[in-house]
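Let me begin by presenting the structure, written as structure tokens, before commenting on it.
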């Protein structure tokens, strides 16, 4: 399974997770089977509110799940429509978030419980 996290930089497992998925400078992709990390630049970092294209930068990486501190309903719906699950992350670093994911402690975000606007998660 490949998991994508929004990150501040390119420091792998020790990297700090970014608070907003769409405006993160990088995406850290972790393959749970192979235990490998790949870091990519977010080409859609500077977007207008409501026009985030979460699938654009990561589509060719066959992502299965995304972890984030919160995400709008439309973005969650776009990802779900493409077969990508979205989870509310727990942890400050990629390593902490991955450990919590692997213990099934995370809440899945759907269009029903995602953010309706700024000010939530």
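Numbers below:
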| read-out | value |
| --- | --- |
| Residue in region 18-36 that is farthest from residue 86 (Cα to Cα), counting only those that are at pLDDT 90 or above and surrounded by 17 or more Cβ atoms within 10 Å (Cβ to Cβ) | 26 |
| Which numbered condition residue 52 fails, given (1) at pLDDT 90 or above; (2) closer than 22 Å to residue 113 by Cα | (1) |
| Selection count, region 17-39, where residues are out of contact with any strand residue (DSSP E or B) (no Cβ under 6 Å at 6 or more places or on another chain) and either under 14 Å from residue 68 (Cα atoms) or free of Cβ contacts under 8 Å to residues at least 40 places away in the same chain (or both) | 9 |
| Number of positions in region 74-92 that are without any contact (Cβ under 8 Å) to a residue 24 or more places away in the chain, touching a strand residue (DSSP E or B) at 6+ places or on another chain (Cβ under 8 Å) and part of a helix (DSSP H, G or I) | 0 |
| Lone unmet requirement of (1) under 18 Å from residue 17 (Cα atoms); (2) not in a helix (DSSP H, G or I) for residue 113 | (1) |
| Selection count, region 101-111, where residues are under 14 Å from the mean Cα position of the chain (by Cα) and either at positive phi or surrounded by fewer than 19 Cβ atoms within 10 Å (Cβ to Cβ) (or both) | 3 |
| Residue 95 being modelled with pLDDT of 90 or more, touching a helix residue (DSSP H, G or I) at 6+ places or on another chain (Cβ under 9 Å), surrounded by fewer than 17 Cβ atoms within 10 Å (Cβ to Cβ) and outside any loop (DSSP other than H, G, I, E, B) | yes |
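The values are calculated or read from the model by the stated rules, or taken from the named source; none is laboratory data. All values reported here derive from a predicted model rather than from experimental measurement. Virtual Cβ from ideal backbone geometry, glycine too; neighbours counted across all protein chains shown.
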